[in-house]
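Scroll down for the structure; my scribbles are underneath it.
The values are calculated or read from the model by the stated rules, or taken from the named source; none is laboratory data. Quantities reported herein were computed from a predicted structural model and do not represent experimental measurements. Cβ coordinates were reconstructed from backbone atoms using ideal geometry, including for glycine residues, and neighbour counts include every protein chain displayed.
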Amino acid sequence: MKYEFSKEELEQIEQIKARYPEVKPATLPVLWIAQKKFGHVEPEVQKLVAKTLELPESHVHGVAEFYTQYYKKEQGKFVLDVCTCLSCQICGGYDILHYLEDKLGIKNGETTEDKMFTIQQVECLGACGYAPMMQITNGVYVNHLTKEKVDKVIDGLKKGEVPEFEKMEMRKVKPQEN
């Protein structure tokens, strides 16, 4: 496959470059443009970004490899990032991860045959007070996960219904009686 940016995307990239005194800081947002368009930033896409920004391929590759949010291979339509950091672990993050694996018939890091879902175990999503949680395709957080909530989300995604970003509300803790 030949990777190319459209005229509109190139104009957007020029606007991004204009915001910085040098071009290197534009690498991250341009990688996002590429990932949004192609669904990943595998090495050929990284070469396109490097060529477009007139940067060394090694620089773009280093940035893409450093950040786990950039997908280095083709992913499913919906990437389910399941947090298993300490707070999510304690609240059942691994239980949710394994439930998703069983439900979708794939393991962590794999994609369903229909290319609809990819599961990824991630270290932290920065929302420990809402554990356990997952992020759907870099942006939609689903928190306070239960098996029932996972079922509802997966069934909705299969119908093309992406949940809205959930309001982050802390769980109500009942006061202990003395």
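It is to be established whether one or more residues within the range 4-14 are within 27 Å of GLY126 (Cα to Cα) and without any contact (Cβ under 8 Å) to a residue 40 or more places away in the chain. So far as the range 4-14 goes, no, none of its residues is within 27 Å of GLY126 (Cα to Cα) and without any contact (Cβ under 8 Å) to a residue 40 or more places away in the chain.
Only one of the numbered conditions (1) part of a loop (DSSP other than H, G, I, E, B); (2) charged (D, E, K, R); (3) modelled with pLDDT under 95; (4) under 27 Å from PHE38 (Cβ atoms) is not met by LYS172, and that is (4). Based on this model, can you work out whether GLU74 counts as touching a residue at least 12 places away in the same chain (Cβ under 8 Å) and among the acidic types (Asp, Glu)? Yes, satisfied.
The helices (runs of 4 or more DSSP H) found entirely in the range 1-108 that carry 2 or more residues being assigned by TED's automatic domain parsing to the domain that holds VAL150 and of a type in the set (Phe, Trp, Tyr) are 93-104.
Being of a type in the set (Gly, Ala, Ser) and surrounded by fewer than 17 Cβ atoms within 10 Å (Cβ to Cβ) is the filter here; which residues of the range 128-161 pass it?
GLY129, GLY139, GLY156, GLY160
Every condition in (1) closer than 15 Å to ASP95 by Cβ; (2) of a type in the set (A, V, I, L, M); (3) in contact with an Asp or Glu (Cβ under 8 Å, 6 or more places away or on another chain) holds for ALA131 except the one numbered (3). Looking across the range 95-111, just one residue is at positive phi and within 18 Å of the chain's Cα centre (by Cα), and that is GLY109.
Only residues that are under 25 Å from GLY76 (Cβ atoms) and among the polar types (S, T, N, Q): list them for the range 1-49, please. The answer is SER6, GLN35, GLN46. For the range 18-27, a residue qualifies if it is surrounded by fewer than 17 Cβ atoms within 10 Å (Cβ to Cβ) and under 24 Å from the mean Cα position of the chain (by Cα), and the qualifying residues are LYS24, PRO25. Checked against (1) in contact with a Gly (Cβ under 9 Å, 6 or more places away or on another chain); (2) closer than 23 Å to ALA34 by Cα; (3) buried (at least 21 other Cβ atoms within 10 Å of the Cβ); (4) among the aliphatic types (A, V, I, L, M), VAL82 passes all but a single condition, namely (2).
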